[in-house]
Amino acid sequence: MKNKSLLPVLVVPLALMVIPLTASRYAEGWNWGVADYVVAWAMMTGVGFAYALVTRKSDHVAYRVAAALALLTAFMIVWGTIAVGFIGSDDNPANVLYGAVLLTGMIGAGLARFSPAGMARAMVATAIVQMLVPVVAYLFWRTDFSPGVPQVFALNLFFALLFGVAASLFDHAARRGREGRAAGSFIG
């Protein structure tokens, strides 16, 4: 990665910190401490670095959109789990299961070496694990399943669908790459 390409990765999250800073001044009940800002900035910067790493060798728009969608979905999962927890309260041990979703995506991407076809398979596996989270949680932590069984399953379905869309976009990039190589026009 070039130094120029790293500058937005560091600065954009910093600029986005103006939103919670403003909210903390004007929105009732919004009181972030210094650690909250540091964690938010670090998470956004991490997503930026991950995006730069994953997309550094691909100019295909579908691949780049898929990577952004997968990383933003992972960001939302981490953020929601840290902030409030999706299953019961934020200290419900069932929320730790979301770590398996993230690990599935990271291990899959590593095994795929970020190839479009491999990333598509990794996103399918991630979506499947995403839908297993509420099932396992319901089996083991049924007593603390707020905001309710349908709501928890619907939220997980939403995240699984986002990973599914990312898989479809990665697959599209893989098919376009194969067609380009067959025609002799594949670059990179």
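The values are calculated or read from the model by the stated rules, or taken from the named source; none is laboratory data. Predicted, not measured: the structure shown is a model, and the values here were computed from it. All Cβ positions, even for glycine, are placed from backbone atoms using ideal geometry, and neighbour counts span all protein chains on display. Only protein heavy atoms, including side chains, enter the accessible area calculation; ligands, DNA and RNA are left aside. Shrake-Rupley method; radii C 1.70, N 1.55, O 1.52, S 1.80 Å.
Tell me the mean residue ellipticity at 222 nm calculated for the chain from its helices only (DSSP H runs of n ≥ 4, each -39500 (n - 2.57), averaged over every residue, nearest 500). Please list the in-between numbers first.
Values: 7 runs with 143 residues, N = 188.
Computed mean residue ellipticity for the chain: -26500 deg cm²/dmol.
Under the definition of Cα pairs under 8 Å and six or more residues apart, what whole-number percent is the relative contact order of segment 81-188? Don't skip to the answer; put the middle values down first.
Details: 114 pairs, mean separation 31.7, N = 108.
Normalised by residue count, the contact order of segment 81-188 is 29 percent.
Let me spell out the model: positive unit charges on the Cβ of Lys and Arg, negative unit charges on the Cβ of Asp and Glu, origin at the Cα centre of the chain. What dipole size does that give, in debye rounded to 20?
Working: 13 positive and 8 negative charges, 204 e Å.
Charge dipole, the chain, about its Cα centre: 980 debye, nearest 20.
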Can you give me the relative contact order of the chain as a percent, contacts being Cα pairs under 8 Å and 6 or more apart? 22
Can you send over the carbon and sulfur percentage of the accessible area for segment 6-75, probe radius 1.4 Å, protein chains only? 74
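I'd like the per residue volume of the convex hull spanned by the Cα atoms of segment 1-101, given in cubic angstrom.
Working: hull volume 12.4 nm³, N = 101.
Normalising the Cα hull of segment 1-101 by residue number yields 123 Å³.
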Computed Kirkwood radius, in angstrom, where 1/r is averaged over Cα pairs of the chain: 18.0
Selection from SER168, ALA137, LEU103 lying farthest towards where the dipole of the chain points positive, charges on Cβ: SER168
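Chymotrypsin sites (Phe, Trp or Tyr not before Pro), restricted to segment 1-66: which are DSSP loop and have at most 16 other Cβ atoms within 10 Å? Don't skip to the answer; put the middle values down first.
Working: sites: TYR26, TRP30, TRP32, TYR37, TRP41, PHE49, TYR51, TYR63; in loops: TRP30, TRP32.
Listed in order of number, the matching sites are TRP30, TRP32.
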Taking the Cα centre of each part, how many Å lie between segment 12-27 and segment 64-96? 20
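Accessible area of segment 86-188 with a 1.4 Å probe: how many percent of it is carbon plus sulfur?
Numbers: 3900 of 5650 Å².
Using a 1.4 Å probe with all protein chains present, segment 86-188 comes out at 69 percent carbon and sulfur.
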extent check for segment 82-188: Cα max minus min per principal axis, descending, whole Å, gives 59, 23, 23
Percent relative contact order of segment 1-86, based on C-alpha pairs within less than 8 angstrom and at least six residues apart? 28
